[in-house]
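Below is one structure, written out as structure tokens, with a few remarks after it.
The values are calculated or read from the model by the stated rules, or taken from the named source; none is laboratory data. What you see is a predicted model; the values in this text were computed from it and never measured. Heads up, the Cβs are rebuilt from the backbone with ideal geometry, glycines too, and the neighbour counts pull from every protein chain shown. Each accessible area value is taken on the protein alone, full model and side chains, heavy atoms only, with ligands, DNA and RNA left out. Shrake-Rupley method; radii C 1.70, N 1.55, O 1.52, S 1.80 Å.
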Amino acid sequence: MIGYIIRRLLMMIVTLFAIITLTFFLMHAVPGGPFTSEKQVLPEIQAALDAKYHLNDPIWLQYFNYLKGIAVLDLGPSFKYPGLTVNEMIVEGLPVTMKTGVLALLCVVALGVPLGIVAALFRNKWPDTLVMVFATIGVAIPSYVVATVTLYIFALRLGWVPTFGLDDWRGFILPVLALSGFWLAFIARLSRSSLLETLNEDYMTTAKAKGLHPMQVLFKHGLRNSLIPIVTVLGPVVANLLTGSFVIEQIFALPGIGRHFVLSITNRDYTTIMGITIFYAAFLMVMIFIVDMIYLALDPRIKLGKASS
Amino acid sequence: MTITAAHTSEPILSVKNLSTSFFSDRGEVKAVRGVSFDVYPGEILGIVGESGSGKSITCMSVLRLLKANGRVLDGSAVFEGKDLTTLPSRQMRALRGNDISMIFQDPMTSLNPTLTVGEQIIETIRAHRQVSRADAAKRAIELFDLVKIPSPSKRLKSYPHEFSGGMRQRVMIAMALSCDPKLLVADEPTTALDVTIQRQVLQLLKELQSRLGMAVILITHDLGVIAEVTDRILVMYGGMVMETGRVADLFESPRHPYTQGLLKSIPDLSSGEHQRLSPIPGSPPDMLHPPAGCPFAPRCTHAMGICTEAVPQLYCAGDTPVLRAGQAARCWLHHADAPEVPEVNAREHEGAA
Ligand SMILES: Nc1ncnc2c1ncn2[C@@H]1O[C@H](COP(=O)(O)OP(=O)(O)OP(=O)(O)O)[C@@H](O)[C@H]1O
Ligand code: SF4
Ligand SMILES: [Mg+2]
């Protein structure tokens with residue numbers, strides 16, 4: 001087990017290194033630079049800028065310096081906003097992104113799974129129908145449509161929630177709803193079908209035949225097994241919430257990392273693009289690692305590699 | 001009707017006129033249609049019949065373990081004076097796994113893959129006995145010893161996938177025996193196992209049965225198994241009992257064309273080889289639309305006009321001389337006006353073997 005974790009961590013470092021290298025060289029292969037903007041820049045200023053950011057150094061040296069920075073968790077300065085580092089931009093945007101992200105993930109799991117369970121237990125009765133109607137709508141409508149429509153109705157028309165910003169808790173409602181809607185519906189459907197499948201398993205009959213209490217049969221024998229497929233999709237769900245946050249932060253004008261990221265792309269802010277990409281990659285790898293650990297704890301049939309035993 | 005065998009004691013389980021249907025999109029599947037039988041303390045009752053004849057559903061109805069779309073429509077199942085079909089669910093729960101326990105065909109899917117086998121046994125014991133986890137674990141080790149699982153205390157911590165098929169079925173048996181049941185229902189306990197393992201598991205079951213003195217209902221396809229371990233048998237077809245009686249009587253002097261067909265499909269019984277039934281020509285009835293008459297009529301070489309019109313009654317020992325004590329057969333040929341078909345209803349055949 002310990003061996004497996006160590007191997008996983010080493011693999012994560014190798015993967016991250018590959019991602020850093022790839023983003024770095026891709027970034028430098030893209031034509032145009034951060035300072036080749038629409039505005040005409042005097043050649044002297046251009047040269048000064050290039051010198052300031054070491055853009056005239058050989059590329060391997062730039063790469064090496066960049067790696068050195070990352071080793072001490074320094075993602076370098078922003079090209080677009082002098083005096084602002086990428087680290088500072090991430091630290092500034094992180095609370096907003098994390099709050100909406102965690103709330104959305106909570107919605108997905110803490111609402112989606114119970115809704116699916118209720119639907120499965122009341123199969124073909126009205127609670128099931130109700131959940132499935134909402135789940136079908138949720139899966140069918142893209143998040144940006146949810147965002148704009150709810151913004152129009154609840155913020156503009158009814159004025160129940162602010163149109164933008166996060167001055168109080170109500171500001172979170174629409175972004176979290178738009179961000180989590182699809183996955184909430186998706187997880188509700190998955191939980192339902194997964195539990196229905198589990199309820200049909202032979203070992204559920206065995207559990208009942210042993211004289212266990214129905215609650216014990218459902219929670220101890222049923223739920224744990226039906227959670228396994230849900231945990232497997234949790235990694236991709238987190239990744240999708242992350243990419244979803246780019247759009248949602250943009251629509252609701254939330255000062256999160258996603259907004260910085262989208263802006264940095266239009267600004268050709270190289271270091272910011274690279275920095276946030278690498279930050280996201282590292283974050284995702286950690287999340288997937290955690291998900292795999294949960295998976296491992298849930299399903300004893302998963303065999304770890306030989307090295308661990 | 002009750003089929004009285006040469007039993008002095010009261011039956012431990014008495015099933016009367018049990019009828020169970022499933023309600024699906026396609027209509028009502030009449031899986032069990034008026035099944036009656038008794039199980040006496042300490043005996044092994046075998047239930048045989050082709051796939052879909054209603055063997056499992058009969059037992060699942062008794063234990064009230066039917067899937068949500070299944071319903072017992074009629075009949076009773078009296079266990080120690082209590083009718084299980086109307087027993088409050090709390091009392092039913094107290095009975096399951098305790099007084100009546102069950103083992104299933106496929107030990108691979110019948111054990112929960114995410115819990116250790118020890119946990120699965122311990123929770124059974126603790127559902128019925130007020131004992132600590134430690135004491136329940138001790139009992140589980142004893143049970144593993146009983147079913148001959150090597151190094152029991154270590155194996156308790158293993159997961160089902162870490163056992164072979166035969167060992168898994170031993171785990172199931174240990175679990176079923178954990179609360180000293182008075183009746184064990186074994187639904188094809190060896191069908192999913194290798195032939196050599198089948199024999200071992202069967203031997204174990206037989207040995208435990210005589211040691212612990214419980215009654216057993218053994219569902220099987222395998223007439224070899226029936227011959228070897230059971231005392232009496234129930235031959236089922238199309239959701240009904242076709243013939244019943246003591247094993248020796250049914251093997252020597254079967255009095256129902258279906259039983260005869262089953263027995264003929266075994267090449268040599270004396271060799272004791274386990275043989276799956278090679279099917280009688282034709283296929284079992286569709287239980288969505290069961291035939292109005294004898295369910296076996298379309299495949300029966302002796303079928304008469306009446307056979308397709310009305311279901312025959314179960315003729316008992318007193319009704320016709322060819323049936324021995326405790327034997328009963330559901331066939332029109334035992335009617336007083338039926339033509340003579342020597343192998344089924346002729347007097348001369350009695351006691352021939
Ligand atoms: N959940 C269900 N829904 C609809 N029909 C069912 C259901 N379960 C069983 N049946 C039907 O009930 C009938 C009897 O099934 P049962 O399982 O008792 O057969 P069996 O004699 O045990 O056969 P096998 O030897 O294959 O186990 C079959 O026709 C089967 O298709
Ligand atoms: S009742 Fe008729 S069809 Fe049925 S087994 Fe007897 S003879 Fe054959
Ligand atoms: Mg069956």
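Could you pull out the residue among A:295, A:203 that is within 14 Å of chain B (Cβ to nearest Cβ), in contact with a Pro (Cβ under 9 Å, 6 or more places away or on another chain), hydroxyl-bearing (Ser, Thr, Tyr) and open to solvent by less than 60 Å² (accessible area, probe 1.4 Å)?
When all the criteria are applied, what remains is A:203.
For the stretch A:233-245, state whether one or more residues are away from chain B (no Cβ under 14 Å) and at pLDDT 95 or above.
No: the stretch A:233-245 contains no residue that is away from chain B (no Cβ under 14 Å) and at pLDDT 95 or above.
Which of (1) surrounded by 17 or more Cβ atoms within 10 Å (Cβ to Cβ); (2) more than 9 Å from every other protein chain (Cβ to nearest Cβ) does residue B:114 not meet, given it meets every other one?
Status for residue B:114: all satisfied but (2).
When you scan the stretch B:342-352, do you find a residue that is modelled with pLDDT of 95 or more and within 10 Å of ligand 2 (Cβ to nearest atom), even just one?
Looking through the stretch B:342-352, none of the residues is modelled with pLDDT of 95 or more and within 10 Å of ligand 2 (Cβ to nearest atom).
Given the conditions (1) of a type in the set (S, T, N, Q); (2) within 16 Å of ligand 1 (Cβ to nearest atom); (3) more than 14 Å from chain A (Cβ to nearest Cβ), and given that residue B:191 satisfies all but one, which numbered condition is not satisfied?
(3)
Here's the yes/no breakdown for (1) buried (at least 23 other Cβ atoms within 10 Å of the Cβ); (2) within 16 Å of ligand 2 (Cβ to nearest atom); (3) within 14 Å of chain A (Cβ to nearest Cβ); (4) outside any loop (DSSP other than H, G, I, E, B):
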position: B:36; (1), (2), (3), (4): no, no, no, yes
position: B:41; (1), (2), (3), (4): no, no, no, no
position: B:50; (1), (2), (3), (4): no, yes, no, no
position: B:76; (1), (2), (3), (4): no, no, no, yes
position: B:85; (1), (2), (3), (4): no, no, no, no
position: B:108; (1), (2), (3), (4): no, no, yes, yes
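Looking only at the stretch B:52-64, filter to residues that are part of a loop (DSSP other than H, G, I, E, B) and more than 9 Å from ligand 3 (Cβ to nearest atom); which one of those is nearest to residue B:250 (Cα to Cα)?
B:63
Quick check on the stretch A:164-195: of everything there that is among the small types (Gly, Ala, Ser), assigned to a helix (DSSP H, G or I) and over 19 Å from residue A:121 (Cα atoms), which residue is farthest from the other protein chains (Cβ to nearest Cβ)?
A:171
Inspect all residues belonging to the stretch B:147-155 and state whether any of them is within 16 Å of ligand 1 (Cβ to nearest atom) and more than 24 Å from residue A:211 (Cα to Cα).
no
Collect the residues in the stretch B:122-168 that are loosely packed, with under 14 Cβ neighbours inside 10 Å, within 27 Å of residue B:202 (Cβ to Cβ) and of a type outside the set (D, E, K, R), keeping them in residue-number order.
Within the stretch B:122-168, B:150, B:151, B:153, B:161, B:164 qualify.
So which of A:136, A:198 is within 13 Å of chain B (Cβ to nearest Cβ), of a type in the set (Ser, Thr, Tyr) and touching a residue at least 24 places away in the same chain (Cβ under 8 Å)?
Exactly one residue qualifies, and that residue is A:198.
Would you please list the contacts, defined by Cβ atoms under 6 Å and residues six or more apart or on different chains, that run from a residue in the stretch B:283-311 that is more than 14 Å from chain A (Cβ to nearest Cβ) and open to solvent by 50 Å² or more (accessible area, probe 1.4 Å) to a residue that is away from ligand 2 (no atom under 12 Å from the Cβ) and in a loop (DSSP other than H, G, I, E, B)?
Sorted first by the residue in the stretch B:283-311, then by its partner, the pairs are B:284/B:50; B:284/B:52.
Among the listed residues B:131, B:29, which satisfies the condition of being more than 27 Å from residue A:227 (Cβ to Cβ), more than 9 Å from chain A (Cβ to nearest Cβ) and part of a strand (DSSP E or B)?
B:29
If you go through the stretch A:212-227, how many residues are touching an Asp or Glu at 6+ places or on another chain (Cβ under 9 Å) and either more than 8 Å from chain B (Cβ to nearest Cβ) or free of Cβ contacts under 8 Å to residues at least 24 places away in the same chain (or both)?
The qualifying residues number 6.
So in the stretch B:236-265, with the set limited to residues that are open to solvent by less than 10 Å² (accessible area, probe 1.4 Å) and in a loop (DSSP other than H, G, I, E, B), which one is nearest to residue B:16 (Cα to Cα)?
Here the answer is B:239.
Taking the residues in the stretch B:276-313 that are out of contact with any helix residue (DSSP H, G or I) (no Cβ under 9 Å at 6 or more places or on another chain) and of a type in the set (A, V, I, L, M, F, W, C) as candidates, determine which candidate is nearest to ligand 2 (Cβ to nearest atom).
Here the residue is B:311.
Go over the candidates B:331, B:316 one by one and state the one that is more than 10 Å from ligand 2 (Cβ to nearest atom), more than 14 Å from chain A (Cβ to nearest Cβ), at pLDDT 90 or above and closer than 15 Å to residue B:241 by Cβ.
Among B:331, B:316, only B:316 is more than 10 Å from ligand 2 (Cβ to nearest atom), more than 14 Å from chain A (Cβ to nearest Cβ), at pLDDT 90 or above and closer than 15 Å to residue B:241 by Cβ.
Take the residues in the stretch B:54-89 that are at positive phi and touching a residue at least 24 places away in the same chain (Cβ under 8 Å), then tell me which one is farthest from ligand 1 (Cβ to nearest atom).
B:80
Taking the criterion of being within 14 Å of ligand 3 (Cβ to nearest atom) and either closer than 23 Å to residue B:190 by Cα or not assigned by TED's automatic domain parsing to the domain that holds residue B:171 (or both), would at least one residue in the stretch B:26-33 satisfy it?
no
Can you tell me which condition residue B:184 does not meet? The list is (1) within 12 Å of another protein chain (Cβ to nearest Cβ); (2) within 16 Å of ligand 1 (Cβ to nearest atom), and all the others hold.
(2)
Does the stretch B:75-83 include one or more residues that are modelled with pLDDT of 95 or more, out of contact with any His (no Cβ under 7 Å at 6 or more places or on another chain) and β-branched (Val, Ile, Thr)?
Yes, the stretch B:75-83 contains at least one residue that is modelled with pLDDT of 95 or more, out of contact with any His (no Cβ under 7 Å at 6 or more places or on another chain) and β-branched (Val, Ile, Thr).
Mind listing whichever residues of the stretch A:68-79 are part of a loop (DSSP other than H, G, I, E, B) and either open to solvent by 80 Å² or more (accessible area, probe 1.4 Å) or free of Cβ contacts under 8 Å to residues at least 60 places away in the same chain (or both)?
Hits for the stretch A:68-79 are A:72, A:73, A:74.
Would you mind stating whether residue B:309 is among the acidic types (Asp, Glu) and at pLDDT 90 or above?
Judged against the criteria, residue B:309 is a match.
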